Amino acid sequence: MRYLTDRAVQRRHDSVFPWGTFIINVAGSGLLGFLAALAGHAAGATVAGAAFCGAFTTYSTFSYETLRLAEDRAYLVAILNVAASMIAALGCAYLGMAIAQAITR
């Protein structure tokens, strides 16, 4: 699923920025935040979060792509990749938790 999503996203963007990995990691972080907040309310939410989100997200590819950008002297894109990925992933995780908390109240 991760590979297919990455390929589908990358085909639509003609840029050195790793959009596929970015979208996958941000979406997976949002889902993990949602499932983590449901853990006290839904049996299996913790297992689903760890198993699915752990398999879907790809921080090793994020690291590799960032290193590749730096090696190709695309320093600004590499820095943007790190900053945008961390900010967006944390923001989506928080949003996922907020949505789950709103649903379970």
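The values are calculated or read from the model by the stated rules, or taken from the named source; none is laboratory data. Please read all numbers here as calculations on a predicted model, not as lab measurements. Neighbour counts are summed over all protein chains in view; Cβ atoms, including those assigned to glycine, are modelled from backbone coordinates with ideal geometry.
So, in the range 1-54, of the ones that are of a type in the set (Gly, Ala, Ser) and not in a helix (DSSP H, G or I), which residue ends up farthest from Ala84 (Cα to Cα)?
Of everything passing the filter in the range 1-54, Ala43 is farthest from Ala84 (Cα to Cα).
On the given criteria, is Tyr94 of a type in the set (Phe, Trp, Tyr), touching a helix residue (DSSP H, G or I) at 6+ places or on another chain (Cβ under 9 Å) and modelled with pLDDT of 95 or more?
Here the answer is yes, as Tyr94 does meet what is asked.
Every residue in the range 55-71 that is in a helix (DSSP H, G or I) and under 13 Å from Tyr3 (Cα atoms), please.
Correct list: Ala55, Phe56, Thr61.
Out of all the residues in the range 72-97, which are within 19 Å of Asp6 (Cβ to Cβ), touching a Phe, Trp or Tyr at 6+ places or on another chain (Cβ under 8 Å) and of a type outside the set (S, T, N, Q)?
Scanning the range 72-97 gives Val77, Leu80, Ala84, Ala88.
Just name the residue that is nearest to the chain's Cα centre (by Cα) out of those in the range 82-105 that are buried (at least 17 other Cβ atoms within 10 Å of the Cβ) and within 17 Å of Leu35 (Cβ to Cβ).
Ala89
Surrounded by 13 or more Cβ atoms within 10 Å (Cβ to Cβ), β-branched (Val, Ile, Thr) and within 16 Å of the chain's Cα centre (by Cα): is that true of Thr46 in this structure?
For Thr46, the condition - surrounded by 13 or more Cβ atoms within 10 Å (Cβ to Cβ), β-branched (Val, Ile, Thr) and within 16 Å of the chain's Cα centre (by Cα) - is not met.
Could you list all residues from the range 26-41 that are closer than 12 Å to Ile103 by Cβ and exposed (fewer than 14 other Cβ atoms within 10 Å of the Cβ)?
His41
Taking Ile79 as meeting all but one of (1) part of a helix (DSSP H, G or I); (2) surrounded by 13 or more Cβ atoms within 10 Å (Cβ to Cβ); (3) touching a residue at least 12 places away in the same chain (Cβ under 8 Å), write down the number of the exception.
(3) is the only condition that Ile79 fails.
Output the qualifying pairs, or none if there are none: Cβ atoms under 8 angstrom, residues six or more apart or on different chains, first residue in the range 16-34 and closer than 11 Å to Leu95 by Cβ, second residue polar (S, T, N, Q).
As it stands, the answer is Val26/Ser85; Ser29/Thr57, since those pairs meet every condition given.
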